[in-house]
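Trainee: Here it is: the structure, laid out below.
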Amino acid sequence: MNPWLAWLAEPFSYPFMLRGLAAALTVGVVCPVLGAYVVLRGMAFFGDALAHIILPGVVAAFLLGWPLVSGALIVGVVAALAVGAISRRSKIKEDTAIGVVFAGCFALGIAMLSSRRGYAVDLSHILFGNLLGVSQQDVLLIAGLGLLALLAVLAFYKEFLVLSFDPLLAVTLRLPVQRLQNLMLILLAVVIVVSIQAVGVALVLAMLITPAAAASLLTRRLPIMMLVGAAIGALSAVIGLYFSYYTNLASGPAIVLTATAAFVLAFLFSRQRRTRA
Amino acid sequence: MPHSTVRPPDHDPHAPSLSVDGLSVRFNGAEALRAVTFRLPAGQRLAVVGPNGAGKTTLFNVLAGAQRPQDGTARIFGHPPGGDTCVAYVPQRSQVDWAFPASAAEVVMMGRIREIGPLRWPGRRDWQVVGAALDQVGLADVSRRPIGELSGGQQQRVFLAQALAQEAELILLDEPFTGLDFPSQEALFVVLDRLRAAGVTELVATHDLNLAAERFDSVMLLNRRLVAFGAPADVLTREHLVQAYGGHVHILPEGGLLVLTDTCCEGDEGEG
C-alpha cells in the first residue's frame, strides 16, 4: 500500500478510533450550525454556562452507569429553560444570574464526583472529553440527537432567523416568540450534551462558536455561514484526530486547537481580503 | 394592496386605522405615557414629535404589541395590538445589527414568514412578492447585496420593503430621517408618498420640526402626555412647543425665532 494511504488508514484500523471519528464528525457538523445563531445573537457566555451547568447531570448518569447523554439531557433542558426564565424575570443582570447558576452547578457536579476513587481521571474525562472511550451505544445516541437538532434548525430556520435578527419583527408578525426562544435553548442544550463526550464540558464552547465564528468572517450569508462552519467543524474533527493519534495528544484539545487554527486562518484571510478591496 | 393575509373577524377596514384611549404606561413606577387619547383615519401620515424620553418609542412598542399598557386601550382597525399582522415596525437604524449575514431580499422575506406559515419554505410566489416590494422602493438592483453594504437611505427602504411584503396597513417608523442626507431623505419620501397613496397609515417619530411642519398630514406633540394633536400649523405653535420642550426652547428676540436645543441622539430614546 502507498505509505501515505497507510499513514492515513492506520488510526482507523482500531474500532475505538472509528467510533471516536463518528462522534467527532457529528459534533463537528452539528455544533457550528446551531453555533451560527449563538455567534449572531452574542450568546457565547450563555452557551459556556449551559455546558458547565450540565455537569451534575453528567456526573449523576456516570455514577448510575447510564449513558452520559441521558442525564445531561435532562439537566440541560431544565437548566436552559430555568436560566432563560431567571434572566427574563429577575432584577439581577442576566450575566450575573447565569454566572451564579453556572458556578453553583459546576461545583455541585465536581463535589458529586469527588467522593469517588479515581476521581482525577473521571474528572478529566468529563472536563476535556473522552472521545476514544465512546461506546457503540453512545455513538448511536450522539448521531440520533445530532440529526434531530439539525432537522429542528432546518424546520424552524426562518423563524430562528427573524428571532435572531429582529425580535420586534417576530412580535409584530405574531410569532410565538417565547416558545421559539425556549426551543432554541433546548436545542442548544441538546447540542452541548452531544458534544460533551467528544470535547468535554470545558471545551464545548469552542465547538459551538469557533467554527461558526471562522465562517462568519468568510461569508455574509447565513446558510453559507452554517455550511462553511459545518465544513470547518468536520475538518477540525478529522485533522484533530490524526494530530492526536500521531502526537499522542488528548483528542478533545487536539480538535479544538485545529478549529482555533482554522479561525486564525480565516481571520488573516478576511483581513487581507479587506485591505486589498 | 393585496390582502391574502387572513384578517381577524374584528379587523374593520372602515374603522379608524388607529384609535387610542387613555393609554398609560409606567416602568417601575416612572410614567412613560399618561392618558394619551387620539384617533387617526387610515391613509394619513402622522409625525410624532417630542423631546428625548417623551414616550415616542414606548407608544410605538404598545402599538406593535411588544409593550402592554397599564391603562387604556389601543385599537388598530378595531382590534387590539397583537390581533393581526397589519402593523409593521421600522426600527431606528442604530438598533439594527447591520453586520448580520443577510441580503436585502432576505431581510424583506422576513416580513412574509407568517404568511408562509410554519415548517414551510418561501416559494416562487413569495420571492415574486419580495422582488416587487424591492422594486417599489427602488432597490431591485441591490437585492442580493448584504444589508451592511447598503447606504443609510437604502437600509431604511429595505425595511419599508419588508413592511410591504408583510402587507402592513400601519407602519411605525422610528427616527427614519436621522443621519440621512437630503437626497436619501427625498428618496424615502417618494416611497412614503406611494405607500400613503395606497392607503397605508404612517406614524413617524422624528426630531425634525421642519419636516413635521412641511411633509406631514398631522402632527402629534408628545411629552409623556399628549400636548397637541392635529394639523401641523395648529400643533407647532410657540405655546405648544414651550409646553412640550420646556427649557429646551429658546425664543430669539429678533423675529420671534424658535431655537430648539434638544437634539436627537441615536439610541437615546431608551425609556426604562
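Trainee: Output the number of residues of the stretch B:231-249 satisfying the condition of being loosely packed, with under 15 Cβ neighbours inside 10 Å and not in a helix (DSSP H, G or I).
Mentor: 2
Trainee: Using beta carbons and a limit of 7 Å, which pairs, at least six apart or on different chains, have the first residue in the stretch A:99-124 and outside any helix (DSSP H, G or I) and the second one surrounded by 13 or more Cβ atoms within 10 Å (Cβ to Cβ)?
Mentor: Close Cβ pairs satisfying both conditions: A:R116/A:D122.
Trainee: Within the stretch A:198-222, restricting attention to residues that are within 14 Å of chain B (Cβ to nearest Cβ) and touching a residue at least 24 places away in the same chain (Cβ under 8 Å), which residue is nearest to the chain's Cα centre (by Cα)? It would help to see each step written out before you state the result.
Mentor: Here is the first cut: in the stretch A:198-222, the ones within 14 Å of chain B (Cβ to nearest Cβ) are A:212-222.
If we keep only those that are touching a residue at least 24 places away in the same chain (Cβ under 8 Å) too, we end up with A:212-218, A:222.
Details: A:A212: 11, A:A213: 13, A:A214: 15, A:A215: 16, A:S216: 17, A:L217: 19, A:L218: 21, A:L222: 19 Å.
By that ranking, first place goes to A:A212.
Trainee: In the stretch A:131-154, is there at least one residue being surrounded by fewer than 17 Cβ atoms within 10 Å (Cβ to Cβ) and within 14 Å of chain B (Cβ to nearest Cβ)?
Mentor: Checked against the condition, which is being surrounded by fewer than 17 Cβ atoms within 10 Å (Cβ to Cβ) and within 14 Å of chain B (Cβ to nearest Cβ), the stretch A:131-154 yields at least one hit.
Trainee: Mind listing just one residue for me: the one in the stretch B:87-114 that is assigned to a helix (DSSP H, G or I) and facing chain A (nearest Cβ under 7 Å) and, of those, modelled with the highest pLDDT?
Mentor: Per the criteria, the residue is B:M110.
Trainee: Return a yes/no flag: does the stretch B:144-161 have any residue that is of a type in the set (V, I, T), in contact with a helix residue (DSSP H, G or I) (Cβ under 7 Å, 6 or more places away or on another chain) and surrounded by fewer than 21 Cβ atoms within 10 Å (Cβ to Cβ).
Mentor: no
Trainee: In the stretch B:115-133, is there at least one residue being crowded, with 18+ Cβ neighbours inside 10 Å, touching a helix residue (DSSP H, G or I) at 6+ places or on another chain (Cβ under 9 Å), assigned to a helix (DSSP H, G or I) and away from every other protein chain (no Cβ under 13 Å)?
Mentor: Yes, the stretch B:115-133 contains a residue that is crowded, with 18+ Cβ neighbours inside 10 Å, touching a helix residue (DSSP H, G or I) at 6+ places or on another chain (Cβ under 9 Å), assigned to a helix (DSSP H, G or I) and away from every other protein chain (no Cβ under 13 Å).
Trainee: Out of all the residues in the stretch A:81-92, is one or more closer than 30 Å to A:S216 by Cβ, touching a residue at least 24 places away in the same chain (Cβ under 8 Å), out of contact with any Cys (no Cβ under 8 Å at 6 or more places or on another chain) and of a type in the set (K, R)? Full working, then the answer.
Mentor: Within the stretch A:81-92, the subset closer than 30 Å to A:S216 by Cβ is A:81-88.
Of the ones still in play, those that are also touching a residue at least 24 places away in the same chain (Cβ under 8 Å) are A:81, A:83-84.
Pick out the ones that are also out of contact with any Cys (no Cβ under 8 Å at 6 or more places or on another chain) and you get A:81, A:83-84.
Then keep just the ones that are of a type in the set (K, R); that gives none.
Checked against the condition, which is being closer than 30 Å to A:S216 by Cβ, touching a residue at least 24 places away in the same chain (Cβ under 8 Å), out of contact with any Cys (no Cβ under 8 Å at 6 or more places or on another chain) and of a type in the set (K, R), the stretch A:81-92 yields no hits at all.
Trainee: Tell me which residues, restricted to the stretch A:207-223, are touching a Ser or Thr at 6+ places or on another chain (Cβ under 7 Å) and either among the aromatic types (F, W, Y) or surrounded by 24 or more Cβ atoms within 10 Å (Cβ to Cβ) (or both).
Mentor: Selection gives A:M207, A:T210, A:P211.
Trainee: Determine which member of the set B:L23, B:L59 is assigned to a helix (DSSP H, G or I), crowded, with 23+ Cβ neighbours inside 10 Å and more than 13 Å from chain A (Cβ to nearest Cβ).
Mentor: The unique qualifying residue is B:L59.
Trainee: Within the stretch B:1-19, track down each residue that is surrounded by 11 or more Cβ atoms within 10 Å (Cβ to Cβ) and at pLDDT 80 or above.
Mentor: B:H11, B:D12, B:P13, B:A15, B:P16, B:S17, B:L18, B:S19
Trainee: Going by the conditions given, is A:S70 within 20 Å of the chain's Cα centre (by Cα), surrounded by fewer than 20 Cβ atoms within 10 Å (Cβ to Cβ) and not aromatic (F, W, Y)?
Mentor: yes
Trainee: Is at least one residue of the stretch A:180-197 surrounded by fewer than 24 Cβ atoms within 10 Å (Cβ to Cβ), within 14 Å of chain B (Cβ to nearest Cβ) and not in a helix (DSSP H, G or I)?
Mentor: Scanning the stretch A:180-197, I find no residue that is surrounded by fewer than 24 Cβ atoms within 10 Å (Cβ to Cβ), within 14 Å of chain B (Cβ to nearest Cβ) and not in a helix (DSSP H, G or I), so the answer is no.
The values are calculated or read from the model by the stated rules, or taken from the named source; none is laboratory data. What you are looking at is a predicted structure, and each value in this text was computed from that prediction instead of being measured. Counting neighbours? That spans all protein chains shown, and the Cβs are built from the backbone with ideal geometry, glycine included.
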